[in-house]
Each structure stands twice: as structure tokens, then as C-alpha cells.
Amino acid sequence: MSQSFNSDAFRGTFDVLFRNPQRAIPHFSISTIVEISPQKIYDQGVRAVIFDKDNTITAPYVNTISPSLETVMNEFRSVFGENIAILSNSAGTKDDIDYRDANEIEEKLELRVIRHEQKKPEGSNDVGKWFNCDVNQIVMIGDRLLTDTLFGNKAGLLTIHTGVLTLKGDNIAAVIARSFENLLLKRWIRQGVTALTHPLGKITLR
């Protein structure tokens with residue numbers, strides 16, 4: 001399913017560009033989630049994981065786990081159990097009529113899809129009710145800086161930014177926005193902008 005225009009992300013972009021660039025800086029950047037050891041991060045205090053879906057654990061608009069990630073996703077399920085979920089800006093939102101896409105994803109991916117009114121980067125104030133743990137023990141993993149990372153940082157989560165899995169089938173607007181975000185990230189890092197301080201910020205991923 002396609003996404004409607006995300007006005008919250010548009011407004012968040014201006015806030016980040018002109019006032020708070022730190023909010024868009026992830027605590028970690030990786031190519032794919034195979035660079036994460038679920039047991040390792042659990043042992044260091046992480047108790048719940050939120051994944052973006054498209055181009056983080058699946059190809060865009062595909063409701064199956066990317067084959068290269070099946071092993072590590074099984075490890076995440078084994079370690080975190082019910083404390084693992086998908087937060088998408090399409091499935092589980094008002095764009096998802098009768099939550100049909102969310103229901104299909106839950107059946108095919110065997111992962112809970114969070115139903116939410118506000119799209120990322122908004123809705124961060126409600127993140128604590130989704131899991132039975134402190135917000136500082138939750139990690140947000142996604143490929144978009146101005147939605148996934150910004151959402152996570154606003155909520156007080158540990159944030160991990162991933163590279164894309166594939167451009168095939170991706171929304172052209174998402175491709176352009178992601179490229180813009182990644183250029184900004186490189187610029188901010190060159191300027192010495194660092195990630196927000198986080199209690200779990202010094203953990204190792206593997």
C-alpha cells in the first residue's frame with residue numbers, strides 16, 4: 001500500500017534543519033541488521049525492539065522478511081519474544097483501511113504491528129505503553145533519519161540507522177528524501193554534531 005503525505009515529517013524536517021540537528025543523529029549506523037547480535041544487546045540492557053518495516057526488514061511494500069535477514073530475525077524473536085514490533089508509516093496507520101495490511105503483516109511476518117494515529121516522527125509520547133519496560137530500554141531501528149531516527153530520539157529510545165535493502169519497488173519520494181537525509185547526516189557529522197546522550201549509548205552491537 002502507498003503512503004499519504006506525511007505532514008508531520010515535513011514539519012519535523014524544519015525543526016531539525018534550523019534548531020535541533022542532534023535529534024536526527026542516530027546512536028549507531030549499520031548496513032543491515034545482520035550487524036546486530038540480539039543476545040548481545042539484550043545482555044547490555046535492551047529489553048524491546050521497534051523495527052521500521054520497508055527497507056529495514058523487508059523490501060519496499062513486500063510482506064515477507066528479506067531472505068538475507070531471516071536468520072537474525074529469528075534470533076530477535078527468540079531473544080525478545082513479545083517485546084518486538086513493527087512501527088510503519090503505512091501499515092497500522094489511518095492509510096491502512098481496516099488495518100488489512102497490518103493484519104497481513106502480522107500473519108506473514110509473525111511480528112506485532114503497532115496501530116497508531118500519528119505517523120513518525122510524531123507519536124513518541126505514547127511509546128512507553130507499547131512495551132512492559134522503560135523507554136530507555138527500547139531500541140528503534142529504521143532506514144529513515146527524519147522519521148525513524150527522529151521519532152526514536154524524541155521518545156528517548158536508542159536509535160539505529162540502517163542502509164537500504166533494495167531500491168526496487170521503492171517510492172520515488174522516499175528515495176529522494178532518504179538521499180537528502182543521508183547527505184545531511186554526513187554534513188552534520190563533518191561539523192561535529194553528535195548523537196544525543198543515551199543511557200545505553202555505549203553498548204556494542206556485536
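The values are calculated or read from the model by the stated rules, or taken from the named source; none is laboratory data. From a predicted model like this one, the values you see are computed outputs, not experimental measurements. All Cβ positions, glycine included, derive from the backbone under ideal geometry; neighbour counts span all protein chains shown.
Evaluate the following for ASP95: is it of a type in the set (D, E, K, R) and at pLDDT 95 or above?
no
Could you please tell me which pairs satisfy a Cβ distance under 8 Å, a separation of 6+ or placement on different chains, a first residue in the stretch 122-142 that is acidic (Asp, Glu), and a second residue that is surrounded by 20 or more Cβ atoms within 10 Å (Cβ to Cβ)?
GLU122/GLY12; GLU122/PHE151
Give the stretch 159-206 a look and list any residue that's within 27 Å of PHE131 (Cβ to Cβ) and in contact with a Phe, Trp or Tyr (Cβ under 8 Å, 6 or more places away or on another chain), or say none.
THR159, ILE160, HIS161, LEU205
What are the pairs, 6+ residues apart or on separate chains, where a residue within the stretch 172-196 that is farther than 17 Å from PHE14 by Cβ has its Cβ under 7 Å from a residue that is among the charged types (D, E, K, R) and assigned to a loop (DSSP other than H, G, I, E, B)?
ARG178/ASP143; ARG178/ARG144
All but one of (1) surrounded by fewer than 22 Cβ atoms within 10 Å (Cβ to Cβ); (2) in contact with a strand residue (DSSP E or B) (Cβ under 8 Å, 6 or more places away or on another chain); (3) modelled with pLDDT under 95 hold for ILE65; which doesn't?
(3)
Looking only at the stretch 127-156, which residues are over 25 Å from ASN63 (Cβ atoms) and not β-branched (Val, Ile, Thr)?
Listed by number, the residues that qualify are GLY128, LYS129, ASN132, CYS133, ASP134, ASN136, GLN137, LEU150, ASN153, LYS154, ALA155, GLY156.
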